[in-house]
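For reference, the structure is listed below as C-alpha cells.
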Amino acid sequence: MGTSKSEVFSEQQNLIAKYAKALSHPARIAILELLITKQTCICGDIVEELPLSQSTVSQHLKELKESGIIKGSIDGAKVCYCIDDQQWEIAKNLLQSVFVTYTTPVCEPGEGCC
C-alpha cells in the first residue's frame, strides 16, 4: 500500500496491517516459532534450521525486524535475534481484536448468506 493511501486509515488499522504483513509468509512464521522455542537465536542457527538460503532468511528477518516483532543485537560478526516482548504483546492484542469484533454470524445458517 502506498503511503498516500495509508493516511486515510486509522493508526490502529495501519498497525494491524503492518503486523499482518510481517506474518504473511510461512517462512516468517517458522522463524518466529524458532525464536519463541529457543528464546534467542543467532542468524546462522536460523539458516541451519530452515530449508532456505542465507539471503532469503535475511530478507525475512528484515521484514520481521521492520515490523518491530523481533529485535536484533550485534554480537561480534553475527546478529542475534529475539522476540520483542512489548511489540509482540501489542501485535497479539491488535490482531486478536480483529477476530473478537466478529463474534456472531451476520445471518442464520440456511438463510442464503454468501
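The values are calculated or read from the model by the stated rules, or taken from the named source; none is laboratory data. Note that the structure is a prediction, hence the values are computed from the model and not measured. FYI the Cβ positions are ideal-geometry reconstructions off the backbone, even for glycines, and counts take in every protein chain you see. Surface areas here come from the heavy atoms of the whole protein model, side chains and all, with no ligands, DNA or RNA. Shrake-Rupley method; radii C 1.70, N 1.55, O 1.52, S 1.80 Å.
Residue check: is Glu49 at pLDDT below 95, over 18 Å from Lys92 (Cβ atoms), touching a strand residue (DSSP E or B) at 6+ places or on another chain (Cβ under 9 Å) and open to solvent by 90 Å² or more (accessible area, probe 1.4 Å)? It is true that Glu49 is at pLDDT below 95, over 18 Å from Lys92 (Cβ atoms), touching a strand residue (DSSP E or B) at 6+ places or on another chain (Cβ under 9 Å) and open to solvent by 90 Å² or more (accessible area, probe 1.4 Å). Identify the residue in segment 57-101 that is at pLDDT below 95 and of a type in the set (Ser, Thr, Tyr) and, among all such residues, is farthest from Pro26 (Cα to Cα). Restricting to residues being at pLDDT below 95 and of a type in the set (Ser, Thr, Tyr), the top hit is Thr101.
Just need a number here: residues in segment 61-92 that are open to solvent by 70 Å² or more (accessible area, probe 1.4 Å) and under 20 Å from Glu33 (Cβ atoms). So the count comes out to 9.
Residues in segment 1-42 that are touching a residue at least 40 places away in the same chain (Cβ under 8 Å), within 30 Å of Asp75 (Cβ to Cβ) and open to solvent by 90 Å² or more (accessible area, probe 1.4 Å): 2 in all.
Could you pull out every one of the helices (runs of 4 or more DSSP H) wholly within segment 1-84 that has 3 or more residues that are under 29 Å from Ser97 (Cβ atoms)? Before the answer, list the steps.
Values: elements: 3-6, 11-22, 26-38, 43-49, 54-67.
By residue number, 3-6, 11-22, 26-38, 54-67.
Of the residues contained in segment 85-101, none is found to be assigned to a loop (DSSP other than H, G, I, E, B) and not basic (Lys, Arg). Each residue in segment 10-37 was checked for being within 11 Å of His60 (Cβ to Cβ) and of a type in the set (Lys, Arg), and 1 pass.
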